[in-house]
Structures are given as C-alpha cells and as structure tokens.
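Each remark here refers to the structure printed beneath this line.
The values are calculated or read from the model by the stated rules, or taken from the named source; none is laboratory data. Since the model is a prediction, treat every value here as computed from it, not as a measurement. All Cβ positions, glycine included, derive from the backbone under ideal geometry; neighbour counts span all protein chains shown. Just so you know, the surface numbers come from the protein's heavy atoms only, side chains and all, with ligands and any DNA or RNA stripped out. Shrake-Rupley method; radii C 1.70, N 1.55, O 1.52, S 1.80 Å.
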Amino acid sequence: MSLHTAATASNWSFPTAVRFGAGRIEALAAFVRELGAARPLVVTDAGLKDLFPVHRTLDVLRKGGLQPRLYSEVKPNPTGRNVADGVEAMKTGGNDVVVAIGGGSALDAAKAIAFMASQSRPIWDFEDIGDNFMRADTSRLTPVIAIPTTAGTGSELGRSSVITHDDEHRKVIIFHPRMMPAIVIMDPELTVGLPAPITAATGMDALSHALEAFSAPSFHPMAEGIALNALRLIKTWLPAAVEDGSNLEARAQMLIASGMGCVALQKGLGAIHALAHPLGALHDAHHGLLNAVLMPYVLRFNAPAIADKLDLLSRFLDLERPGADGVIDWILTLRERLSIPQTLSGMGLGDIDIARVAAMGERDPCAGGNPVPLDRAALETILRAAL
Ligand SMILES: [Zn+2]
C-alpha cells in the first residue's frame, strides 16, 4: 500500500477525466475553460451552501476570473420538481457548464439538471428501462464538473441519477450514458469537515455498492475486480476516516473506494438497494444508513447462493473466519464500531408498511441483480428480519 496517496496529484481517464489529490480544487477555473465553458452554475444543497467546500468552490472560480451563479435548493432526496427548478435557474443564467458539488443528492440533482436543460420530454421518460435513453436529444448537452464532498454514492463517476417521483413517491433511476461528468475533482481536503455519522453512513453506501456488485450474478469480470479492491480499501480505511475526520489519507482512500464502488455497480445491485429505495422514498431516510442496516440481513438471505464468492472475499480481505460467516461477522463488527443502528426500528423506522415496501422493492430495477431471485415474499422475510 503506497503511503501519502492524498498528496500525490494524479490525473486518470477512467472512466472519465479524474483529477485526484489534495488541493486540486484550486484549478477549477482552468477545468471550466478546458471544457470550452465560461458561465458556471454551481449546484449544491441548502445544507452545504454556507460551508467550506462551497465557499472554496465559489472563491476559486471568482479568483479564476469567472462569475459563478449558485443554485442551492437541492433537497436531501431530490425530486423532479427540484430538478425542474434547477433547469429554470440554469436557463435564466445562460449557464454553459454545471459545477456539481456535494454528496449524492447534490451530484444526482446537478447531473439531472444539466441533462434536462436540453430535453423537451419530461424527466420520467428517461427512466432506466430498456432503451429509454435513446429518446434523448444529445445535440447540445451541458457538461458537468463533479466535486464529491462525501465518499459514498460515487455519483461523480456514474451515468445515472436517482430522482424521487413527485406524485408516485418512488425513486426513479434516470439514465443516459452521457450523464457521466466530463471532469471529476477528487480533492480529499473537501471531505475532512464531514461529520462522523455521515462519514460512516456514506462509507457504508460505498461498501454496499461494491458488495452488491460483487455478488450480482451477471458476467462482468472487470467490474468484479474493481468491486473486490474497493471492499479492501473500505475495510482498511473507513474506520480511520470515521474515527479521525482530519486523516487526509483515509479521506483520500475512501474517495477512491467510493468512486470504484460506483464504477463496479454497472454489474448490478441487489436486495439492499431494492429495499433502500422504497424505504428512502416513503420515509425520507438516509440512503447509506438504510443500506448499512439492511446489509447483514440481505447477506444472510443470499449467502447460500454466493458461498464461493463469500469464501473468496473472506480470504481476500484476510478475515478471521472464512466464508459467509466471516463476511457477516466483519460487517456486524464494522457497523458496531461505526455506531450504526442494528435494525430498522433502531433507526426510527419501526412502523413501516412491510407489504407496500416489499411490493415496491419487487418492482425496483435493482431487484433483478440479486443473486437469489426476489419476489414479494422474499423481500417481506428480509424486512421482518431487519425490523
Ligand atoms: Zn447506494
């Protein structure tokens, strides 16, 4: 394991242009110009707009001779209306690039805003089903520069956004291959201020992406290799990032791991996400926290179908016990160390409509990636265990 990774400025072009290293935000104005743009719209959420990462972003843009506009109304679980308001702001400002800064919600909303600014169809027409994405007008798409301030969703390296349907109260995956940001700035200094509970919950989201991608039955050896290494980075660095938020090395490694989790998840997700999506949409609960709570129950349910994989994983991670038991032990110990509740009731969701959540989970596109086929009864069983 190389040391001092955080201080090593690196440029990668996989799966898009990544500018990695402490302090890379400094060159943001140059990156805007690299895209041939001059009028940035900075998109973030209300909770972040008065904090260091957004101030720094606006600062470096101004110092670079640009006049950024700010749209900071993104909600924790962004909705279609929320995106439409952002598109409106973008049109009013005549912006030619979106600078997305924040956690998964801000990045997802910003990517959807940039994409929808040149579409004439409603956003729901681009739900990630079949070849819906072929309907898009790609003649004048607005580029996105994505700057993650959490290490979790990896949305900065993803080609989709999760947007909550305003009327149907379900989470819809909006997909287009060109929703992938043009440039990603992975600057660990922007994540040091993230409070420990959010560091833990978002880190568990990254873990769930890598774990579900690794477990998915589809054939994608490249994604599988990336998922495995993401799991190893998370095992090594997540506790350190939570216990000492100013540990720049841990922050850097977690940014890399969360990006890798998102790259890997094109192999498929599974029951953790199929249940976290409806629970998040119905109860406005934190996505990463839901995943963390559901994880061991889903693992236990899937274990017989992925015994070989869990055996490999336990050896790769050098766990105390081999196989499924070792992996589940590791997850349970990690959760405890990160002070994550053990059950849905423990996170305040003791009163959920099991039948409704299971029915929504069965229809969620992530259900198809689970190693054990999921029907309503199976999801109800997992939910009952998780309560
Ligand atoms: Zn997730």
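Report the antiparallel proportion of the DSSP beta bridges in the chain as a percent, rounded to a multiple of 5. Numbers along the way, then the final one.
Numbers: 9 of 29 bridges.
Within the chain, antiparallel bridges account for around 30 percent of the total.
Suppose accessible area is computed on protein heavy atoms with a 1.4 Å probe; arrange Arg135, Arg251 from highest to lowest.
Values: Arg135 105, Arg251 10 Å².
Sorted by accessible area, descending: Arg135, Arg251.
Taking amide H positions as modeled 1.01 Å from N, with prolines and chain starts lacking one, the residues under 5 Å from Met186 and 5 or more places away or on another chain are Arg19, Phe20, Gly21. Within segment 174-248, the chymotrypsin sites (Phe, Trp or Tyr not before Pro) that combine a DSSP coil assignment with at most 13 other C-beta atoms in a 10 angstrom radius are Phe219. Positive-end ranking of Pro68, Met186, Ala89 along the dipole of segment 10-190, with charges on Cβ about the Cα centre, is headed by Pro68. In this structure, the amide hydrogen of Thr79, modeled 1.01 Å from its nitrogen in the peptide plane, lies closer than 5 angstrom to those of Thr164, counting only residues at least 5 positions away or on a different chain. Applying the Karplus relation 6.51 cos²θ - 1.76 cosθ + 1.60 with θ = phi - 60° to segment 285-296 yields 3J(HN,Hα) values of 8, 5, 4, x, 5, 4, 4, 4, 6, 6, 3, x Hz, where x marks Gly and Pro.
Backbone N atoms of segment 319-354 closer than 15 Å to the 7 Å Cα→Cβ label point of Arg376 belong to residues 353-354.
Treating r as the C-beta distance of Trp12 and Arg178 and R0 as 25 Å, the FRET efficiency rounds to 0.85. Counting every alpha-carbon pair across segment 70-146, the share separated by more than 19 Å comes to 31%. Our coupling estimate for segment 317-326, obtained by passing each phi through the Karplus curve with A = 6.51, B = -1.76, C = 1.60 and θ = phi - 60°, is 8, 6, 7, 5, 10, x, x, 4, 4, x Hz, Gly and Pro reported as x.
Could you work out the percent of alpha carbon pairs in segment 10-190 separated by over 25 Å, rounded to a whole number? List each step's numbers first, then the result.
Working: 4021 of 16290 pairs.
Across segment 10-190, Cα pairs with separations above 25 Å total 25 percent.
An ellipsoid equivalent to segment 194-386, defined through the eigenvalues of its Cα gyration tensor, has semi-axes of 24, 20, 15 Å when rounded to whole angstrom and sorted largest first.
Which value, in nm² and rounded to one decimal, describes the direction-averaged projected area of the C-alpha convex hull of the chain? Spell out each step's value before the answer.
On the way: hull surface 68.7 nm².
Taking a quarter of the hull surface, the average projection is 17.2 nm².
3J(HN,Hα) couplings calculated from phi for segment 119-125 with the Karplus curve 6.51 cos²θ - 1.76 cosθ + 1.60 (θ = phi - 60°) are, in sequence order, 10, 9, 7, x, 4, 5, 5 Hz; Gly and Pro show x.
Only loop residues by DSSP count here, and only those with at most 15 other Cβ atoms within 10 Å; note down the GluC sites (Glu not before Pro) in segment 117-174 that meet that. Numbers along the way, then the final one.
Details: sites: Glu127, Glu156, Glu168; in loops: Glu168.
Passing sites in segment 117-174 are Glu168.
Suppose R0 equals 22 Å. What FRET efficiency, 1/(1 + (r/R0)^6) with r the Cβ-Cβ distance, do Asp166 and Asp137 give to the nearest 0.05? Given R0 = 22 Å and the Cβ-Cβ separation, E is 0.45. Based on DSSP H segments of at least four residues, each scored -39500 (n - 2.57), the chain has a per-residue ellipticity at 222 nm of -15000 deg cm²/dmol. The amide H of Ala38, built 1.01 Å from its N in the peptide plane, has Asp96 as neighbours under 5 Å, considering only residues 5 or more places off or on other chains.
Compared with the alpha-carbon gap, the fully stretched path from Thr236 to Asp85 is longer by 50.3 nm at 0.36 nm per residue. For Ser208, the accessible area of its heavy atoms, probed at 1.4 Å with every protein chain present, is near 0 square angstrom.
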